[in-house]
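Here the structure comes first, spelled out in structure tokens, and everything after it is commentary.
The values are calculated or read from the model by the stated rules, or taken from the named source; none is laboratory data. Because the structure is predicted, anything quoted here is derived from the model rather than measured. Here the Cβ is made from the backbone with ideal geometry for all residues, glycine too, and neighbour counts use every protein chain on show.
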Amino acid sequence: MLKTTKKKIYIGLIVLFAASLAIFIYLNFFYTNECQNYECWEKYIKKCSRASFVNEASEASWGYKILGKADDKCSVEVTLLIAKQGILGIDKYTGDKMTCYYQQGRPAYLEQDYVNACTGLLKEDLQTLMLNKYRTYIIENLGKVAEGLEQPV
């Protein structure tokens, strides 16, 4: 009877240890705090601690998720969740993502500096969109540019 009690205690301790280990792993590697406002997001991005935030900008909803530290930078996944204004032409990129790398402690809206700091499909999509807009603008205004070049200084 004493052996059975000891055996139950050992099994109970093993189960308790396994549960504690599972909770520890979940909280440190999988759990992400969900921020409801920019102040919360700013706190987590300064520390580069796992968190997510949805930025409801006027032109689109952007999803941010801090993935963690990569070398001396903070790795953040940026997702275009919803394009709100069709004039930008970004609605076809809904759901696309890019990963951005920033100096720790930099609380900016990450999609604003995507050219220098990000990699991924969404970055390529946004760059293609901008290049097409520049090309269209130049073609539409080529006559005005030529007139300006012909006039003496």
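Here are some notes:
- Residues of region 56-68 satisfying the condition of being assigned to a strand (DSSP E or B) and either of a type in the set (Gly, Ala, Ser) or at pLDDT 90 or above (or both): Ala60, Ser61, Trp62, Gly63, Tyr64, Lys65, Ile66, Leu67, Gly68
- First in region 100-113 and aliphatic (A, V, I, L, M), second anywhere and part of a strand (DSSP E or B) and at pLDDT 60 or above, Cβ under 8 Å, 6 or more apart: Ala108/Tyr102; Leu110/Trp62; Leu110/Tyr64; Leu110/Val76; Leu110/Val78; Leu110/Cys100; Leu110/Tyr102; Leu110/Cys118
- Unmet criterion (only one of (1) outside any helix (DSSP H, G or I); (2) out of contact with any helix residue (DSSP H, G or I) (no Cβ under 6 Å at 6 or more places or on another chain)) for Phe53: (2)
- Single residue of region 24-40 satisfying the filter (surrounded by 11 or more Cβ atoms within 10 Å (Cβ to Cβ) and modelled with pLDDT of 90 or more) that is farthest from Lys65 (Cα to Cα): Cys40
- Looking only at residues of region 84-143 that are of a type in the set (A, V, I, L, M) and closer than 20 Å to Arg50 by Cα, we find that the one that is modelled with the highest pLDDT is Met98.
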